[in-house]
Amino acid sequence: MPIPTTDRSYQLPPLGQNPSSTAQGTTPGSFALRPALHPGRAGALTFASPDTPGMPAPSEKTAWDFLPADWTLRPGYGVGAGELSHEQAAAWQPPAQFQPITQLEFARVGVITAEMKRVAEREPHLSPEQVRDEVAAGRMVIPANKVHLQYQLDPMAIGRASKTKVNANMGASPVSSSTDEEVEKLKWAERWGADTVMDLSTGGDLDACREAIVRNSTVPIGTVPIYSMIIGRRIEDLTPEMILESLKQQAAQGVDYFTIHAGVQREHLPFIKQRLIGIVSRGGSLLAKWMIVHGKQNPMYDHWEAICDVMREYDVTFSIGDGLRPGGLADATDQAQLAELVTLGELTERAWRKGVQVMVEGPGHVPFDQIEFNMKLQRRLCHGAPFYVLGPLVTDIFPGYDHITSCIGATAAGYHGAAMLCYVTPKEHLGLPKKDDVKQGCVAYKIAAHAADVALGIPGSRDRDDELTKARAALNWQKHFELSFDPDTARAYHDEDLDVDTDFCAMCGHDWCSVRISKEIVEFTSGKDETYKWEKAKVTAALTPEQQEILAKRGVLSPEEIHRLAAKTKKVMTSEADKASCHSDYVDPDTAKKLQEKQGQIVELTLP
Ligand code: SF4
C-alpha cells in the first residue's frame, strides 16, 4: 500500500510593520495589517488586526462628515470635487466669527497645537501632522482640559494610530478611603504606568478629592459626573439643570474627560429582562431608574447638545459610557448592548457636529471569541472614534484574579482595535482596590497594552524587549533587571534563591542552563552583544527595603533569611569558599565543558 504523503510546506501571511526599529532577531515581524495613516477616510485603517471573515468593515465616514451645519465648502470644492477634497481642512470654511477651542476644532482648521506636538514627541512613530489629521478625523483624542493644562498635565493621545493606553480607576467610596489616600494611589498609578486616571469617588468629600487629584496629576483625569450629581439626593430628583450645573463645575475644576451614560434609552430597557445580571454599570442603572420613574427618555440623551456646549468650553473629551455593558459572559453581545452601541454612534456624530472630542466606552465581560466582533462593530458604528474598553473579562469564575481574566481579554481588544484599556484589579467585584491592587492592575494592563502594540507592529514598540533579550542571553542580570518593567520584583525574586549574579540562575541550575550553553557556542550570536558583556560573577548587592518587602509579602522566606539577603555587602567573591554551593562561577568554554562532563550532562552541539 502506498504511504500517503503530506505537504509540509508553509507560507507566511502578509507582513505588517516590524515592531523592532532595527529589525533585530530572526522573526519575520508583525502579521497585523500595514497601517494607512492618511487624513480622512483614506486612513481609516490605522494599526489593525486582519479581519476574520464576517467582521464588520471600517466605517466609510469620519468626523469630517459631521461638521457643524454652518461650515461651508470653499469655492472650487464641492460635490464632484472628489472624496479627498471633502476631507481637506482647506476645503472647509467655518463661519466668520468662529474661534477654535477644542483640539478637534484646531485640527479642523489645520492648526498643529502645542499638545499635538507633545504627543508626536512622546510617540515618535507619529509626526505632528499625522496627530493633527487623526484628531481631525475623530480617530484620536487629546484629553486636555484647558484648566488642567495650567497645572502639571503632560498631554497624551488616545487612538489606534498611537500606542495602546491604560487607564487606572480610583476613588473613595462611602465605606473606605480618603482624599490623601486617593492622591497617594494616583501617584502610585502614575508610577506603574497608568496613562490616564479616573476618579470614581462615591464617598467622602468628592469635590476636594477631585480637585486634589486634578492638581497633582500629570496624566489626564476622567470622572463619571453622575456620581456627584446624586450625593444628597435621590436619582429621581435629578433635573437637566442639575446635570448641566454639575458638569460645569467639574469642567471648571479641570477634569479632562467625562463618562456620560447618554446611550441608555427607554427603548433598550425591555432587552434587559432576560439578562442573567441586569445592568452592571452604576450610571446605566441609575439612569434606567430615572427613566422608569419619570416615564421619559434619558435626560443625558435629550440634552446632549447642551452638554456638548459645556464640554466644548473647556475642551473636555467625551467618554460616552456603555451603561448597558454585559456583566457576565452570558449577557455579552446581546441586543441591549448592541442597541446601545448604535446610539453611541449617533451621539458620537452629534458631539463631532458640536466640535467636541469623543471616545466611546465598551464592555465588560465578553467571551474571547466575541472580542474581535465587538471591537470591529464599534469601529464601524462609531466611525473610528477611539474605543475605551473595560477589560473585557473572558471568564467569570476567578474572583480575586480578575486582573488576569480581564488582561487576557484586554490584549485581544487592543489587538483588534481598542485604543485604551481600563484596568481591572484583583479586587474587582469584591471591594475597593488598595495600593497593591492598583499596582497589580496597572502591571497586568501594561502587559496587555504592550503585547497588543508589538502584535500590531507599532514601530519601535519591541525595542526594549530586544534589548532585554540580549541582556538575558548574555546572562547580564543587572542590565536584565534595569530593562524590566519592575526591576525590584525581578531582582528580589532572583536573589530569593541565588544571591549571586552568575552564568545561570536557580530555575535550571548550571548544567541545564540553555542560555549559558547557547552563549558558549561560538558560532551563535546569542549572548555576545558587547553592550551586555560582563566580566565576573559577583555576590549581589543588599536588597533594598522595597525588595525586602516584596519577599516578605510572598511569605516564602523566613524573616531571618530575608534579613540575610538585606544585610549583605557589595563584596565581590574572591575565593571558592565564598561561593554558593550550587555555584560554578563564570567560566570559559573549556572549563564549562569539563564541568558538564563531570556531571555527565555534556550536550553535543555541532553546526552544519
Ligand atoms: S538557569 Fe534556566 S532560567 Fe536561569 S538563565 Fe539559565 S536557562 Fe534561563
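Computed from the coordinates by the stated procedures, all read-outs in this text should not be read as laboratory data. Nothing here was measured: the structure is a model prediction, and the numbers come from that model. Counting neighbours? That spans all protein chains shown, and the Cβs are built from the backbone with ideal geometry, glycine included.
Observations on the model:
- Segment Glu530..His429, full-extension length gain: 31.4 nm, with 0.36 nm per residue of separation and the alpha-carbon distance subtracted.
- Whole-Hz couplings from phi, Karplus 6.51/-1.76/1.60, listed for the range 52-59; x for Gly and Pro: 5, x, x, 6, x, 6, x, 5
- The length gained by stretching the chain between Glu523 and Gln150 to full extension, at 0.36 nm per residue less their Cα-Cα distance, is 128.5 nm.
- Proximity of backbone amide H atoms, modeled 1.01 Å from N, is registered between Ala32 and Gly16 at under 5 Å, excluding neighbours fewer than 5 places apart on the same chain.
- A crude spin-label estimate for the pair Leu244 and Leu276, with each label 7 Å from Cα along the Cβ direction, gives 4.3 nm.
- Footprinting exposure proxy ranking of His261, His563, His494, fewest other C-beta atoms within 10 angstrom first, gives His563, His494, His261.
- The H on the amide N of Met140, modeled in the peptide plane, is under 5 Å from the matching H of Val135, each at least 5 residues off or on a different chain.
- Residues whose amide H falls under 5 Å from that of Thr525, counting only those 5 or more places apart or on a different chain, are absent, with hydrogens built in the peptide plane.
- What separates the Cα centres of the range 252-316 and the range 106-161 is a distance of 27 Å.
- Extension gain, Glu60 back to Gln11 (0.36 nm per residue minus Cα-Cα distance, nm): 14.4 nm
- Cα-based Rg of the chain normalised by 2.2 N^0.38 Å, two decimals: 1.09
- Among Met242, Met140, the ranking by other beta carbons within 10 Å of each residue's beta carbon, starting with the fewest, stands as Met242, Met140.
- Each label was represented as a point 7 Å from its Cα along the Cα-to-Cβ direction; for Asp309 and Val111 these points are 2.2 nm apart.
- For the range 506-511, the Karplus equation 6.51 cos²θ - 1.76 cosθ + 1.60, evaluated at θ = phi - 60°, returns couplings of 6, 5, 10, x, 4, 5 Hz by residue, with Gly and Pro reported as x.
- Of Lys117/Lys446; Lys163/Lys439; Lys273/Lys435; Lys248/Lys296; Lys163/Lys470; Lys185/Lys376, pairs whose Cα-Cα distance is over 27 Å: Lys273/Lys435; Lys185/Lys376
- Centroid-to-centroid separation of the range 1-70 and the range 361-390 [C-alpha atoms, Å]: 17 Å
- Placing a pseudo-label 7 Å from each Cα along the Cα-to-Cβ vector at Trp71 and Glu561 gives an inter-label distance of 6.5 nm.
- Computed FRET value (nearest 0.05) for Ala252 with Met1, which takes r as the C-beta separation and R₀ as 56 Å: 0.10
- Fewest-first sequence of Trp352, Trp512, Trp92, Trp188 by Cβ atoms within 10 Å of each Cβ: Trp512, Trp188, Trp92, Trp352
- In order along the range 526-542, phi translates into HN-Hα couplings of 3, x, 10, 5, 4, 4, 10, 5, 9, 9, 8, 5, 8, 5, 6, 5, 4 Hz, rounded to whole numbers, per the Karplus curve 6.51 cos²θ - 1.76 cosθ + 1.60 with θ = phi - 60° and x for Gly and Pro.
- Degrees between helix 487-497 axis and first principal axis of the chain (Cα, 0 to 90, nearest 10): 30 degrees
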